[in-house]
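Scroll down for the structure; my scribbles are underneath it.
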Amino acid sequence: MRPARLLLSGLALAALFKAGASLGPGAVPQALALPFVRAAEAAGSADDPETAAATAQATAPEACPLPEAVLETVTQERGLLGERQQQLAAEAAELELAREQLEIEAARLETLRGDLEAQLDRIEAVHEGDVARLVNLYRAMKPDEAAAIMNELDLEVSVMVLGDMVERDAAPILAQLSPVRAQAISRIIFERGRMPGDQRLENIRIE
């Protein structure tokens, strides 16, 4: 087999050069002849295992070893990336815990607010009921009797009671009060209907 391959390769090469000679000098490029030369060399070494192995080893690309410094850098970067991922996971867990605690606290405050509003409503209802009873009590009295009590009564209570009475019930009682107290009650009733910044309650005499 080896002589036959060499013979075939030689004949092909000879034919190529013969054709090139008929065309003129330099007509056959070296690039065209090179495959035939390599084929002949391969045919000559195909039956020689040692030669074939040496040829394959010579033509095989050499592996480029990775420098140790690059390996060390990659290892360090991976370690830093892992630590950063763990840190981010811990921070995310802390944020989630804080969010849950805020939700619990918000729910507790909402419950307290509801309880407080309900208690204030009850207090307001009781207060309004008490004022209504006082108004009815003083309306049931004679004007001079009610005025005699209100002359000695706390000014705030007198204002509250007379302020919630209708005019036809409050006027006879107010007429029986002492002039100073009647003037003070009248002024307070007038000023409490105004805005807090516009109220003028200073220098009010009650005696």
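No value in this document is a laboratory result; all are computed from the given coordinates. Treat the numbers as computed from the prediction; the structure is a model and nothing was measured. Neighbour counts are summed over all protein chains in view; Cβ atoms, including those assigned to glycine, are modelled from backbone coordinates with ideal geometry.
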Based on what the data block shows, is D130 of a type in the set (D, E), surrounded by 10 or more Cβ atoms within 10 Å (Cβ to Cβ) and in contact with a helix residue (DSSP H, G or I) (Cβ under 7 Å, 6 or more places away or on another chain)? no
How many of the residues in segment 122-170 are farther than 17 Å from I185 by Cβ and under 60 Å from the mean Cα position of the chain (by Cα)? 12
Show the residue pairs that are 6+ apart or on different chains and have beta-carbon atoms under 6 Å apart, the first residue being within segment 146-157 and free of Cβ contacts under 8 Å to residues at least 40 places away in the same chain, the second being part of a helix (DSSP H, G or I). A146/Y138; A146/I173; A147/I173; A147/Q176; M150/S158; N151/R181
